[in-house]
1. Between A:Lys441 and C:Glu164, what is the label-to-label distance in nm when each label sits 7 Å out along the Cα-to-Cβ direction?
2. Which GluC sites (Glu not before Pro) in segment B:40-127 pass both tests, a DSSP loop state and at most 15 other beta-carbon atoms within 10 Å?
3. Give me the percent relative contact order of segment B:1-153, please, defined on Cα pairs under 8 angstrom at least 6 residues apart.
4. When B:Leu251, A:Leu235 are ordered from fewest to most other Cβ atoms inside 10 Å of their Cβ, what list results?
5. Rounded if a/c is under 1.5, else prolate if a/b beats b/c, else oblate: with a ≥ b ≥ c from the C-alpha gyration tensor eigenvalues square-rooted, which is segment A:503-617?
6. For chain A, find the longest principal axis of its Cα atoms and tell me its angle to the long axis of helix A:514-523, 0 to 90°, nearest 10.
7. With unit charges on the beta carbon (Lys/Arg positive, Asp/Glu negative), name the residue among C:Gly158, B:Val5, A:Leu545 whose Cα is farthest towards the positive pole of the charge dipole of the protein assembly as shown.
8. For segment A:420-431, take each phi angle, set θ = phi - 60°, evaluate the Karplus expression 6.51 cos²θ - 1.76 cosθ + 1.60, and give the result in whole Hz per residue in order, putting x for glycine and proline.
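Where a number appears in this text, it was derived from the coordinates with a stated rule and is not lab data. As the structure is a computational prediction, the values presented were derived from the model and not from experiment. Here the Cβ is made from the backbone with ideal geometry for all residues, glycine too, and neighbour counts use every protein chain on show.
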Amino acid sequence: MPDPAIFNYFGVPGYSLLWLLTLISFLVFGRQVTRHVRVLAHARAENRWDQIGKRIGLVVTNVLGQRRLFDEPLIGAAHFVIFWAFVLYATTFFWSLFRGLVPAMAIPYPDEVAWIATSVQVIGVLAVVALCVAAVRRYIFTPVSLERSWDAAIILLLIALVLLSSLAGAGFRALAATEGESSRSVGGFLGGLFAYLGVSPAHAPTLYLAAWWIHMITVLGFLAYLPYSKHLHLLASPFSVFFASLQPSKMPPASEGASRLEEFTWRELFSGLACAECGRCDRACPSFDCGDPLSPKQLIHHVKELVLTLDSVSSHGKTFLGDVVRPEDIWACTTCASCMDRCPVFNEHIPLVMEMRRKLVSEGQVPPGLPEALNNLARYGNSFGQSERKRAVWTQSLGFKPKDARKETVQWLWYLGEYACYHPGLQSITRSLARTLYAAKVDYGIVYESERNSGNDVRRVGEEGLFELLRQKNTAMLQQAHFDGLFTTDPHVYNTFKNEYPELNHGRHPIRHYTELLATLFDHGELKAARKLPYRVTYHDPCYLGRYNGVYDAPRRVLQAIGVELAEMPRSRRQSFCCGGGGGRIWMEEAGQAHSRPSESRVREAASLDGVRYLVVTCPKDYVMFTDALKTTGLEGKLLVKDIAELVEEAVAA
Amino acid sequence: MKIIVLLKMVPDVVEELEVAADGKTLDSEFLRLIANELDAQALEEALLLKEKYTGTVTVVSLDAPEVDDALFTALAKGADRAIKITGGDGALGTRAGAYLLAQALSTIQGLLPADLILTGAQAIDDLDGLTAPLISHLLRLPQLGIVTKVSVDTAAGVATVLREFPGGVRGEYEIKLPAVLGIQAAEKPPRYVPVAKVRAAMKSQVIHSVPAPMMADGGVALLQVAAMAKPEVTEHAQMLRGSPEEIADQLCEILAARGLV
Amino acid sequence: MAGNVWVLAEQWRGQLSEITYEVLALGKELATALGCDLQAVLLGHNVKPLAASLGKADSVLCLDHSALATPVAEIFAHALTPIIRARSPQAILMPLTNVSLGVASLLAEELGIGCVNFCRDVRAVDGSLQTRSVLYGGKMEAIVKPAQRPAILGILPGVRPPDEGLAETVPPIEDVTVDVQESSSIRWKRYIEPEIGDVDISKQEVLVSVGRGLQSPDNVAVAAELAEALGGAVCGSRPVIDQGWLPLSRQVGKSGVVVKPKLYLAAGISGAPEHVEGMKNSELIIAINTDEQAPIFHVAQYGIAADVMDLLPALTEAVRSRKEVKSHA
């Protein structure tokens, strides 16, 4: 076969042309990439070099292993193939390019090495199939939030061209082969096909050259186009995964908020560049699902535009927040973290929302309902606007007085959370748990009026100053109290105590959710079910317990211990669908634009399970949101909401 | 435009109020004070006017527990100056308080003349008078109360205000400046100011403490409370209990008995 | 000799306010107990015909002047001061409403005496007056014994039933010369009416009133359904109107409309005094509120401590089926 680099094309040797094209491609590519890097260099610093081992692990699992893609199995498999085909083709491309640019080198072309050629061809065919799957999915069975854009079409076509030109080249090579070089697999098959179609072996070398050049030019063109398209994710995603957020609470570093380019951190902006616009975040988002203004994908897209359209030196002071991203989009987020959990490139939607909320709060621009809640929190330590002195009113009809952890030492300090204390519908559940633990002789105490809101949701609405205030007071109070471990009924309290209260010194004070405590008690026989409850139930994983902190099994162990039959909802565990109350949304007034509420979607999902009587919850906000949703959807007769504590009491009571 | 806001601290009724041992005053053990709700509206209106017409806003309060919080919050919201009158008797009524304020306003340099003096239309502890009319009388300024909208013609020195009447009716008046206005509601709900800003104000800004002027006369509370107690609960509704359906039936019986159903 | 008991008869836009009769009833009680006359003082412009309705008083002092055409507190205070000095009443009862607010304070200052506000009751005890005044939004009551003459007392609405202030007789009317001028600083321009819309809630026999306990503007529709089933209309407390869930014309309370329907169903309303002022004279008051301690339960005849959104649909259902049964019977 002729050597494409040496062959003379109208007097010009191949490698000269190749050099020219390569330089053009690299320049165009390099210019845009350099520009991106300079823009990021002007953003806020953020150190993401910690825990290198863990980071490498993430890259292995999620880039090489493509793990998150498999949440949607069919396209996951297809993309896995396309990804590895790309890796292989990229390798052979650069090999060919190098060899083509420096023909004096005594190395073969990759397709002159038998086993490499075979691998490339086989994977190439698989990749073509995968490409068809992808194209059909995008253009015929279009999933929500996946666009049938020109960019996508061009990419698909370019990839197809890359694959097909390579395969065709292999076919022509086979066609031109003498008997001695026996046909190899795919190439051989294609060679036979071309012969069948009447292509003369005499033309095969020329056609081979043509295919080779088409292939190289396409890839060089693709390379140049890359940093201008959503396919930048090819380059950016290994970095976005390597520099992913490793901390469970998903908060950005301390700041006064961001609305201009230089106020965001480089990693927050990088999300825009790494995004492949796959739409998984939108498909996971409870607010988006209900017609709220929020689209996580659009948010990332706006960030991408922010990076792309501004001069590399500084932002022009354009109102990114206000003009491009509207405040109502930002306030619609429940911080459920489904978006971040599903994103294959580990983009960081929530930190972006947090930064912008901080900015809005610093300007006093908060949505209705929030000022009242925040003022109450600052003044009374609870969002209900009730006196601190009423925090322990729920204990009055208990029949016994729980220990006061401020005055005597207890093994477990029970931090209730404001909903469990003040909400009239929840106080009976709190008493339920109190009685159960008391009867099981668990050594626990509460801090009565000294308890204040932990600040988790205060932080999530962007009021860092108020969070600091609450954290200071709570930490000081807890340092004075006498306890070994702390457990709480509220996953939001759990999350912030565990992840955002460094002074609590978790080594000395294990922080637990009450289901973890109950599970342990059942495991050790300190709690025994007097009878197995004959119910069929389903369980809702709270966002701050499950996705944020990985606690999925403890509540299920408790359910098992009390004998109920558990039917899982389609969206369970990691995929659990938020009740809509997080991120301070339970304090805000309804957006009014949504056609339904996340809680309604969730109770419908629960009610669709055959024979399920109870929707079991382990978060007070879930209880409130779902109870309301049962009313507004008219499903009250079909399903009841139960806190796990109620079922435990029923099972354990003699 | 120069605007003065008079802000006072009143008992926070979120807490249970108890009567002290003397049977006449509030027990102070768990008592908390909060800025009078309508004074907060007055402050918001003042800040809105400042934004619209440019000028300065000075907040003046009598010293009381937790008044510093309220004044720093006002500064964080955008007030230019905060003045606290110290040394007065803590148990002043509204009337005596108004006398002190009027005297202080007149003696503190640079406060008067102001274009507008805003304060809440009334407060929950106004047993012996309302601040706005009292101040207006003492400073010999015109006054309108229950105001919900203010616009100013700075050139003509006149403000146009809307004042609430029953039945949702509002009256439009023109009032010559300088004037005193008792604010019922600002044109927007009081703005939120983040805790970080208030804390920053506490570090970077100052509340000017001014000792209470000597009162020649009139600074005396003209009424005396003989006794104070929680109101007797004489009547209470008959409570209906049961499931929603059961209660609905009971209610229908009640309504039917009166020919309403 | 102790002077008479005076009542400031409040009129507005050519009509006597209902509170006038309530205060007249109180004034009569006090005058009788103190052994003196009750005089009504009527201020305004071209208001003399109204004096005929003030028969509960022994006589009426009519102060008619063009400057008194619209309520400006200072002018009213200026008008009253000289005649009070001249005639030395021992007590002046002044209504506390949006119309007369501020007059009591100014009048007291002009006369150099004090006033007592927020009176929900006044008694004559051993020849002197004693008030029960509301403080701190209703959380406390103070017993105050005014020591000065005249005692200027600000009277809250609802102190006595208005019927007790009516009388068939026409009282003697005295025209009193008024020495005031139009204010040079305050100029009345016009009234701005609220948009009435299609419903005048003051004329409804049944009102379903919603408060913040409803939680969401979407839920107003549920209340409207019940109102429709009962043949009435929806109204609301001030916070609900401020939020825009209902128009201004549907506001019940001190700054809104005063209503007296046959049935007032308060759904998710706490019972703040400003609201209660507007509906306390309803014939039947039923209150629904999750908080058993809510003040509304002291005003209502029947109460349900429940979630409004639980009860309203059930009630609508029950009312409808009852009406169906009736129509088929």
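1. Rounded to a tenth, the inter-label distance reads 6.6 nm.
2. Those satisfying the criteria are B:Glu66.
3. On the way: 246 pairs, mean separation 43.1, N = 153.
Relative contact order here is 28 percent.
4. Values: B:Leu251 23, A:Leu235 17.
Sorted ascending by nearby Cβ count, the order is A:Leu235, B:Leu251.
5. Working: a/c = 2.69, a/b = 1.22, b/c = 2.21.
Taking the square roots of the gyration eigenvalues as a ≥ b ≥ c, segment A:503-617 is oblate.
6. Tilt of helix A:514-523: around 80 degrees.
7. A:Leu545
8. Calculated HN-Hα couplings, in order: 5, 8, 9, 6, x, x, 9, 4, 5, 5, 4, 5 Hz.
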